[in-house]
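Below: the structure, in structure tokens.
The values are calculated or read from the model by the stated rules, or taken from the named source; none is laboratory data. Bear in mind the structure is a predicted one, so any value in this text is a computation, not a measurement. Note: ideal-geometry Cβ built from the backbone for every residue, glycine included; neighbour counts use all protein chains shown. Just the protein is used for accessible areas: all its heavy atoms, side chains included, with ligands, DNA and RNA removed. Shrake-Rupley method; radii C 1.70, N 1.55, O 1.52, S 1.80 Å.
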Amino acid sequence: MPSPLKILLIASEVEPFAKTGGLADVAGALPKALSALGHDVRVLLPKYRGVERAAGELQPVVPRVTVPMGDRVVEGSLLEGRLTPKIPVYFLKQDAYYDRAALYGLPEGDFWDNCERFIFLSRGALEALKALGWRPDLIHANDWQTGLLPVYLETLYRDDPFFSGVATLFTIHNLAYQGLFWHYDLPMTGLGWDLFTPAGIEFYGKINFLKGGLVFSDLLTAVSPTYASEIQTAEFGDALEGVLQERSQDLFGVINGIDTEIWDPATDPDLPKGFSARDLSGKAACKAALQEEMGLPTDAGAPLFGMVTRLADQKGLDLLVQILPALLAEGQLVILGSGDERYHQLLGEAARTNSGRLGLRLRYDAHLARRIYGGVDLFLMPSRYEPCGLGQLISLRYGTLPIANRTGGLADTIKPVVPASRTGTGFLFSPYEADAFLGAVRQALQAYRDRGLWQALQQNGMAEDFSWEASAKQYIQLYRKAIKKGAA
Ligand code: ADP
């Protein structure tokens, strides 16, 4: 029996304390699955405003965390809460940085001092661990906000006996967000100009935090196998494909899971009626209630499409708008989303001209999201790229068939429907073009009209296992590999 590991997972957002996207879901769920496998896993994130709502009262564990920030020293402290009774969560407190109305910025733009805020997170985490006296075997860092941590371990803290042998694994949740800052901020990192080169953290004249993680971590993962290979190409590599190609031996794809207790149509308190693969009858009630809520005719036979999404270029809304007339001629659509002002306008206009067929809510609403996953027949994810995607996993669990672009995690988790053998779980299209998307929609509608086939397909999707256990086991294997590599 291999010995249990001590793992610190560090992220800029963790469900249920702070969330803007899928990163928080992963950072909240993976530790639980690792802990269930018997490992000592702990989590660290900034102490943002309002985390107490989910965390309760926090215990101060390190009264003073002292972090050199260029020619200044900034002080913070470390507070402890719990993710589960077995999983400590450390909150790095520095109110000038983190006690704000949002995590990264306001609608008008990112916070001007994000460089400083996330230097403090990476370096502060290392100083805090030392002060705490807890030495993990491995630190699992995530996305650009924690990209400098592996850099620090390999440079400024390299000869620190406390961190001797501590390995790092860095996960790419979305390569498009890199944390780019001007070179005048370099002295604040405490790193030397010798690192400001193409082989280091320099990127077209700027500091690139994500690149730091990619270059200096022992191992890398991306959140699906397909995305892990896509990002090594010019099309998906965001100008970092060369760096990733160089590390291809150390780059692995591990698919995200979902928390199957939180996402269960049989027990979801937001659904008007529960249902399961064995008894799908409650889904009709969910559909009727959703149609009513969204101002659509309560027509049980009308195919109901849905989308729950950030309104960003990534999510394929340009394709959706192109096929909208054809789609609404065949069925109804509900969209829940928020994000870019441009898409708020575009979809608002579409909803006005298609009232009675298109129901639109432009906001973030965790409860309505569940009623959509439960109530619609088909879920649309025409994403241009999709590192993993959670929407399709939740849909499948809720008896809703996804229609998606064949990219990233969508390609890895959706099995194409074959009507003759009643196999498959959804509909994939490629290339990324309106005609291809519409073709998949038509294929889905044809299957939808065959009630027996449709129910078999729903049951196929609901039988898939997207729990975290299998992925957590893969992470453990990779952690051990990284530790071995670090020791060698
Ligand atoms: P990304 O992380 O790129 O936004 P994912 O599919 O990985 O995309 O994860 C998105 C998560 O956020 C899903 O759980 C989805 O249900 C949720 N979500 C996105 N937009 C909204 C919204 N407007 N209201 C409620 N939940 C949302």
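Just to confirm the filter: which GluC sites (Glu not before Pro) across region 41-126 are DSSP coil and have at most 15 other Cβ within 10 angstrom of their Cβ? Don't skip to the end; give the middle numbers.
Numbers: sites: Glu52, Glu57, Glu75, Glu80, Glu108, Glu116; in loops: Glu57, Glu108.
Sites meeting the loop and neighbour criteria: Glu57, Glu108.
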Collect residues whose amide H, placed 1.01 Å from N in the peptide plane, falls under 5 Å from the amide H of Leu138; neighbours closer than 5 in sequence don't count. Lys6, Leu8, Ala167
If you plug each phi of region 84-96 into the Karplus form 6.51 cos²θ - 1.76 cosθ + 1.60 with θ = phi - 60°, what whole-Hz ³J(HN,Hα) values come out, in order, with x for Gly and Pro? 9, x, 9, 10, x, 10, 9, 10, 7, 9, 7, 5, 4
What helix-only [θ] at 222 nm does the chain give? Using -39500 (n - 2.57) per DSSP H run of at least 4, over all residues, to the nearest 500, the answer is -11000 deg cm²/dmol
Summed residue charge, Cβ within 12 Å of Arg135's Cβ, Lys/Arg positive, Asp/Glu negative: 0
Run the simple label-point estimate for Tyr184 and Ala366 please: 7 Å along Cα→C-beta, distance reported in nm. 4.0 nm
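Below 8 Å, C-alpha to C-alpha, sequence gap of six or more: please give me the relative contact order for the chain in percent. Write down the numbers at each step before the final one.
On the way: 972 pairs, mean separation 61.0, N = 488.
Value for the chain: 12 percent.
Checking the table Lys6/Lys86; Lys86/Lys473; Lys19/Lys415; Lys86/Lys481 against a 23 Å threshold on Cα-Cα, which pairs fail? Walk me through the numbers before you get to the answer.
Values: Lys6/Lys86 13 Å; Lys86/Lys473 19 Å; Lys19/Lys415 29 Å; Lys86/Lys481 25 Å.
Long pairs (Cα-Cα over 23 Å): Lys19/Lys415; Lys86/Lys481.
Across every pair of different alpha-carbon atoms, what Kirkwood hydrodynamic radius in Å does region 281-465 reach?
On the way: mean 1/r = 0.0622 Å⁻¹.
About 16.1 Å, per the Kirkwood formula over Cα pairs.
When DSSP beta bridges are limited to those with both residues in the chain, what percentage is antiparallel, rounded to the nearest 5?
Working: 24 of 71 bridges.
That works out to approximately 35 percent antiparallel.
So with the 1.4 Å probe, I'd like the accessible area per residue for the chain, rounded to whole Å². Before the final figure, lay out each step's value.
Details: 19680 Å² over 488 residues.
Using a 1.4 Å probe on heavy atoms only, each residue of the chain averages 40 Å².
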Just the number, please: percent antiparallel of the DSSP beta bridges in region 281-465, rounded to the nearest 5. 5 percent
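Ignoring ligands, DNA and RNA, please state the percent of accessible area on the chain from carbon and sulfur, probe 1.4 Å.
On the way: 10130 of 19680 Å².
After summing per-atom areas, the C and S share lands at 51 percent.
So between Tyr204 and Leu132, what do we pick up on full extension, going 0.36 nm a residue minus the alpha carbon distance?
On the way: separation 72, 0.36 × 72 = 25.92 nm, distance 3.81 nm.
Length difference between fully extended and current span is 22.1 nm.
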Lysines whose Cα lies under 21 Å from that of Lys283, excluding same-chain neighbours fewer than 8 positions away: Lys273
Taking a probe of 1.4 angstrom, what is the accessible area of Ile262 in Å², to the nearest 10? 80 Å²
Translational diffusion coefficient (Stokes-Einstein; Kirkwood radius from C-alpha pairs) of the chain at 4 °C, 1.567 mPa s, in µm²/s: 55 µm²/s
